[in-house]
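The values are calculated or read from the model by the stated rules, or taken from the named source; none is laboratory data. Quick caveat, the model's predicted, so the values are computed rather than measured. Here the Cβ positions follow ideal geometry from the backbone for every residue, glycine too, while neighbour counts run over all protein chains shown. Heads up: the accessible areas ignore ligands, DNA and RNA and are worked out on the full protein's heavy atoms, side chains in. Shrake-Rupley method; radii C 1.70, N 1.55, O 1.52, S 1.80 Å.
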Amino acid sequence: KDGVFGIDTSGSIPKVWVTQMTLGVKFVLGSLNPQDRFNIMMFSEQPRLFREQITPATPANLDAAVRFLDNVESAGATDMNAAVSRLLTRDLSTQRVYNLVLISDGKPTRGVMDTRDLINIITRDNDLNASIYCVGVTEEPNRELLDFLAYRNKGFSVFADDRRRVATDIRELMSRLRFPLIKDVSFNVAGLDSDEVYPANLPDVHQAEHFAIYGRFGSPATFTFQISGHTAGGKAVDFTFTRSLAQAPEASRADGVAMARDWAFWKLHHLYSEIIRQGDTSALRRAIEQLKEQYGLKTLY
């Protein structure tokens, strides 16, 4: 896998937080696999790269990266679009998993600053080549930007709102991503309404990780589900199975309510993402209000 770390060192993040952020990345460097490649960028007004190109995780490179992370200051404005654009530039000829880990408060103060515009520009430029994982830091990060940036780009967000746990949270996130199994994951479904299946963009599959796909049905019919993708080496893989909903075990009332709310949560997530992509249309707004009322979701988070 390739892993690139973007560390926000702008003046909006106190130095004590930046120290913990860089400590977390140091922890991660020590757990990279021998076949991995990596790079690091500090960004504020101007991005500062560890290497101009992504580099192998050799002992010499890792030692140099630890020194690069020493004595980092927090100062200046934040141009997030310029920083992430640099990180998205990579060698696409190799069949490798590419993870971009953005550690930031999500508050740009220079360049593109509108949340909707920033998410759309980065998502367009990325074109789903990289999975973007966000680590939100400080007590009041821009959760909307970080959550939806990750969601639109096959990733997820974690929030480290206690500076004493920032380094641990970064390490725990990367331990979940250490061994990728399948990339470019997608699904096809027959016998059910595929427009009611969420999340729409599936993450890469990693060892010891799991993910859930939620759908709804009108009658307990038979359906066929296919999940496909590629190994990091480019080999096509797929899992196809047929099941009858009439033969499914019945959930307890509590589990059924929880499952329905989870489905509604992911659909709501998708609708908010569509608002960012399309604009705030009356149809999307009605769908959101209906979900909130029906499932008691006062807010997405």
Original post:
Roughly how large, in nm² to one decimal, is the mean projection of the convex hull of the alpha-carbon atoms in the stretch 159-198?
Top reply: 4.8
Original post:
Given the convex hull of the Cα atoms of the stretch 1-141, what is a quarter of its surface area in nm²?
Top reply: 7.9
**OP:** Would you compute, for the Cα atoms of the stretch 188-301, the largest minus smallest coordinate along each principal axis and list the three values in descending order, in whole Å?
**Re:** 42, 35, 27
Original post:
Cα axis of helix 282-295 to longest principal axis of the chain: angle in degrees, 0 to 90, nearest 10?
Top reply: 80
Original post:
What angle, in degrees between 0 and 90 and rounded to the nearest 10, separates the Cα long axis of helix 253-278 from the longest principal axis of the Cα atoms of the chain?
Top reply: 60
Subject >> Between 0 and 90°, nearest 10: helix 59-68 axis offset from the chain longest Cα axis >> reply: 80
**OP:** Can you give me the three principal axis dimensions of the stretch 205-269 from its C-alpha atoms, in Å, biggest first?
**Re:** 43, 26, 22
Original post:
Roughly how many debye, to the nearest 20, is the charge dipole of the stretch 179-301 about its Cα centre, given +1 on each Lys and Arg Cβ, -1 on each Asp and Glu Cβ, and no other charges?
Top reply: 160
Original post:
So how strong a dipole does the chain carry about its Cα centre when Lys and Arg Cβ are +1 and Asp and Glu Cβ are -1, to the nearest 20 debye?
Top reply: 340
Original post:
What order do you get for 167-175, 188-196 when each peptide is scored by the mean count of other beta carbon atoms within 10 Å, highest first?
Top reply: 167-175, 188-196
Original post:
Given R₀ = 45 Å, FRET efficiency for F217-Q53 by Cβ-Cβ distance, to 0.05?
Top reply: 0.35
Original post:
P(r) for the chain: what percent of alpha-carbon pairs falls in each 20 Å bin, starting at zero?
Top reply: 31, 56, 13, 0
Original post:
Per residue, what accessible area does the chain have, given a 1.4 Å probe and all protein chains present, in Å²?
Top reply: 50
Subject >> the stretch 197-243, Rg to Rh (Cα coordinates; Rh as Kirkwood inverse mean 1/r) >> reply: 1.01
**OP:** Pop out the carbon and sulfur fraction of the accessible area of the chain as a percent, whole number, probe 1.4 Å.
**Re:** 49
Subject >> Cut-off 16 Å, label 7 Å out along Cα→Cβ of R110, residues of the stretch 59-77 by amide N >> reply: 73-77
